[in-house]
Amino acid sequence: MLEMPPLQFADVNGIRMGYYDAGPKTDAPPLVLCHGWPEIAFSWRHQIKALAEAGIRVIAPDQRGYGATSRPEAVEDYDLEHLTGDLVGLLDHLKIDKAIFVGHDWGGFVVWQMPLRHPARVAGVVGINTPHTDRAPADPIELFRKRFGDKMYIVQFNESQEPDRIFGGRVEQLFDAFMKKPVPQKATAPAEAPTAGVGAAPKTNLAFPQMVAAYDAKFDPRAPILSAEEKQVFVDTFTKTGFTGGINWYRNMTRNWERSAGLDHTVRVPSLMIMAENDAVLPPSAADGMEKIVPDLEKYLVRDSGHWTQQEKPEEVSAKLIEWRRRRFG
């Protein structure tokens, strides 16, 4: 399933953004689908097709640093002010007043920020795996270091360019290692309190650069999520672009934390939280208590899915998006 609508371009917020637009132009509010790391708009191929066929307008950008979109040099150009500003710029370009923002993984962090920073442009928010949390009590990087140690991937991303080099030299290996269904879970120990938006247990191995460097697909019993052709789209894209643009999002976590000090973190639009039962990094427990700062919240659990929910369980995710959009917005 490789068909995508034609790639279009918009000059927004100082960058050139590649995006896909499908479904009837008259439909409002449209859904804007925001991918995570290391993904691109192609990650939403199943939802783009299903939503458009259901008569819903859907827009999916390659976000700043990814795919067909510009990759500025400066690390500060990847903070949340820029990332949310890009989406506002895309709405302006398309002459759209308000949209429902749907985000998975890092895209989830971005879409939960939209109603805080640009409330007039947001009709609703859907987080997939990524919960909305209040501002962390301390610098997130230091919290990660304390909880997971120096080898935790986000800590590594903030210390050096070495992860960029490791991943850049092993693009296919990375997608082989990452884009797999999780091993079926046994009943696990009680969930531990999430830290700064990442709910993994401290014993989880989050040394992703070293994991990818040592990975050998021959010894991996897990089932792939992507067909050979689908994997090739990711491999070709990241071979061309490298990983630094996406990793720079993580390099702004301290800056984002510092600059959000005065921000009211309450989300005041209709919201949906789609959780994946077997996501080790963003488990359903990470969304516990969200109702306190997202008063109009509905939660939905996708069973038997790992982290790549919209690609692992595409029909279920698409069906839920369509059902919720129709029920809440007509």
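The values are calculated or read from the model by the stated rules, or taken from the named source; none is laboratory data. For clarity, every value in this text was computed on a predicted model and none was experimentally measured. All Cβ positions, glycine included, derive from the backbone under ideal geometry; neighbour counts span all protein chains shown.
Here Ile56 meets the list (1) surrounded by 21 or more Cβ atoms within 10 Å (Cβ to Cβ); (2) within 25 Å of Asp288 (Cα to Cα); (3) not aromatic (Phe, Trp, Tyr) almost entirely, failing just condition (2). If you filter segment 196-224 down to residues that are of a type in the set (Val, Ile, Thr) and crowded, with 20+ Cβ neighbours inside 10 Å, you find that the one that is modelled with the highest pLDDT is Val212. Here segment 70-89 is the region considered, the condition is being aliphatic (A, V, I, L, M) and more than 18 Å from the chain's Cα centre (by Cα), and the residue that is surrounded by the most Cβ atoms within 10 Å (Cβ to Cβ) is Val75.
Remark: pairs (first residue in segment 102-126, within 15 Å of Ala60 (Cβ to Cβ); second residue among the aromatic types (Phe, Trp, Tyr) and part of a helix (DSSP H, G or I); Cβ separation under 9 Å; 6+ apart in sequence or on different chains) = Val102/Trp44; Gly103/Phe109; Gly103/Trp112; His104/Trp44; Trp106/Trp249; Trp106/Tyr250; Val110/Trp249; Val126/Trp324. Met253 meets all of the listed conditions (1) closer than 30 Å to Asp79 by Cβ; (2) surrounded by fewer than 18 Cβ atoms within 10 Å (Cβ to Cβ) but one, namely (2).
Among the conditions (1) farther than 19 Å from Ala41 by Cβ; (2) more than 20 Å from the chain's Cα centre (by Cα), the only one that Glu229 does not satisfy is (1).
Taking the condition of being of a type outside the set (Gly, Ala, Ser) and over 25 Å from Val110 (Cβ atoms), how many residues in segment 201-230 meet it?
Of the residues in segment 201-230, the ones of a type outside the set (Gly, Ala, Ser) are 202-206, 208-212, 215-216, 218-222, 224-226, 229-230.
Keeping just the survivors that are over 25 Å from Val110 (Cβ atoms) gives 202-203, 205, 210-211, 215-216, 218-222, 224, 229.
Going through segment 201-230 one residue at a time, the tally reaches 14.
Tally up the residues in segment 4-28 that are polar (S, T, N, Q) and not in a loop (DSSP other than H, G, I, E, B), please. So that I can check it myself, show each step before the final result.
Going through segment 4-28, the residues polar (S, T, N, Q) turn out to be 8, 13, 26.
Then drop every residue that is not not in a loop (DSSP other than H, G, I, E, B), which leaves 8.
Total meeting the criteria: 1.
Under the condition of being in contact with a helix residue (DSSP H, G or I) (Cβ under 8 Å, 6 or more places away or on another chain) and without any contact (Cβ under 8 Å) to a residue 40 or more places away in the chain, which residue from segment 141-159 is nearest to Thr244 (Cα to Cα)? Ranking the qualifying residues of segment 141-159, first place goes to Val155. Could we say that Gly168 is touching a residue at least 60 places away in the same chain (Cβ under 8 Å), in contact with an Asp or Glu (Cβ under 9 Å, 6 or more places away or on another chain) and among the small types (Gly, Ala, Ser) here? No. The residues in segment 125-143 that are buried (at least 24 other Cβ atoms within 10 Å of the Cβ) and at negative phi can be counted, and the count is 7.
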